[in-house]
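Asker: Before anything else, here's the structure in question.
Any read-out appearing in this document is the output of simple, stated calculations on the displayed coordinates, not a laboratory observation. Computed from a predicted structure; not experimentally measured. Ideal geometry is used to build each Cβ from the backbone, glycine not excepted, and the neighbour counts take in all protein chains shown.
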Amino acid sequence: MTRDEDLRDLARDIALEAGALAERRRAEGVRVAASKSTLADIVTEADREVEALIRGRLATERPDDGFLGEESGTAEGCSGVTWVVDPIDGTVNYASGMPSYGVSIAAVEGGETLATWTALAGVVHHPALGETYAAARGSGSVCEAGGHTQRIRVATEFPAGALVATGFGYDPRTHAGDIDTVRSVMPIARDVRRIGAASIDLSYVAAGRIDAYFERGLQPWDVAAGALLVVEAGGAIRELPADRFGRRMTVAGEAGLVERIADRISGVTSDE
Ligand code: IPD
């Protein structure tokens, strides 16, 4: 076992525990605790409780590591490894009783963004769907479901056009521009999906269920684990230059398809 595989297995065990807690809380009834960047951007009590569980477990097992979480912020470590965590990605789905939400846990070193870190291990667990996606640097990506573990690969052929997924940020001012972006990609698309959880979009790209995913303004915890899943499944992930509010477009999929989508999106004039 490599160090990165150990990190992956730890992330997997903690993600399963965290997912079980999220499911229990969901069954008991979800309470919205607050709104964040906009009214639509919510945090539930479960988001906070699940992040506290993950943070506590990591602090016990890996006390020297740093932490960057969606709900509880950052803590510096001294080992060089930082855990990047979204306890419940797809909070709106979670709070609305829809199953597409994930627990996303990644270990990275060297920076706090997709462009600057090296991802070491990543796990996206889908509690309501009973699927766990896991990757360690250099060891490939797998999906565990129903007691079986399978290697996964990104899709490489798109005879009917690419099945693409996308997301729209919580800021209503960006919606018109996001729709223009979708319009620019549709000529090479078979159809479009909006799942509502970036980590699930990325794990589906890694598994070849959808061919590509693009979204503007993602946060480090939305992409940290999913990006490694895509790369270790043979795919590519690219960030386009930021718009004037600093939001970057992330594009993931098979490398050639990523380039084609990036070319189309780059031609879209900004919404603001
Ligand atoms: C959100 C989801 C959503 C995406 C947003 C993310 P959250 O994460 O991944 O699909 O469109 O950009 O912020 O807030 O549910 O953890």
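Asker: Could you check the spin-label model distance between Leu16 and Asp191? Points 7 Å from the Cα along Cα→Cβ, value in nm.
Answerer: Output for this residue pair reads 3.4 nm.
Asker: Quick check for me: using +1 on Lys/Arg Cβ and -1 on Asp/Glu Cβ, what's the dipole size of the range 115-272 about its Cα centre, in debye to the nearest 20?
Answerer: 100
Asker: Which value in deg cm²/dmol, rounded to the nearest 500, describes the helix-derived mean residue ellipticity at 222 nm for the chain, given -39,500 (n - 2.57) per DSSP H run of n ≥ 4 and division by the residue count? Provide the component values of the computation, followed by the final result.
Answerer: Details: 7 runs with 93 residues, N = 272.
After summing the helix terms and dividing by residue count, I get -11000 deg cm²/dmol.
Asker: How would you classify the range 3-151 from its alpha-carbon gyration tensor, with a ≥ b ≥ c the square roots of the eigenvalues: rounded for a/c under 1.5, else prolate if a/b is greater than b/c, otherwise oblate?
Answerer: Oblate, since a/c reaches 1.5 and b/c is not below a/b.
Asker: Now for a separate question. Provide the FRET efficiency to the nearest 0.05 for the His175-Leu240 pair, computing r from the beta carbons and using R0 = 25 Å.
Answerer: About 0.85, to the nearest 0.05.
Asker: Give me Ser37, Ser203, Ser184 sorted ascending by neighbouring Cβ count inside 10 Å, so fewest comes first.
Answerer: Ser37, Ser184, Ser203
Asker: Could you give the length gained on full extension between Ser139 and Ser266, defined as 0.36 nm per residue of separation minus the Cα-Cα distance, in nm?
Answerer: Value of the extension gain: 42.4 nm.
Asker: Could you give each residue of the range 108-115 its phi-based ³J(HN,Hα) in whole Hz, using Karplus coefficients 6.51, -1.76, 1.60 with θ = phi - 60°, and x for Gly or Pro?
Answerer: Each residue of the range 108-115 in turn: 10, 9, x, x, 10, 9, 3, 6 Hz.
Asker: Also, I was wondering about something else. Would you work out which of Gly122, Thr74, Val30 lies farthest towards the positive end of the dipole of the range 3-151, given +1 charges on the beta-carbon of Lys and Arg and -1 on that of Asp and Glu, about the Cα centre?
Answerer: My answer, from the dipole projection, is Val30.
Asker: Calculate the spin-label point distance for Arg57 paired with Asp9, positioning each point 7 Å from the Cα along the beta-carbon direction, and give it in nanometres.
Answerer: The modelled label-to-label distance comes out at 1.5 nm.
Asker: Additional query: Please name which of Ala189, Ala227, Ala155 has its Cα lying farthest along the dipole of the range 147-272 towards the positive end, using unit charges on Cβ (Lys, Arg +1; Asp, Glu -1) and the Cα centre as origin.
Answerer: Towards the positive end, the residue furthest out is Ala155.
Asker: Give the long-range amide H neighbours of Gly140: residues separated by 5 or more places, or on another chain, with amide H under 5 Å away, using H modelled in the peptide plane at 1.01 Å from N.
Answerer: none
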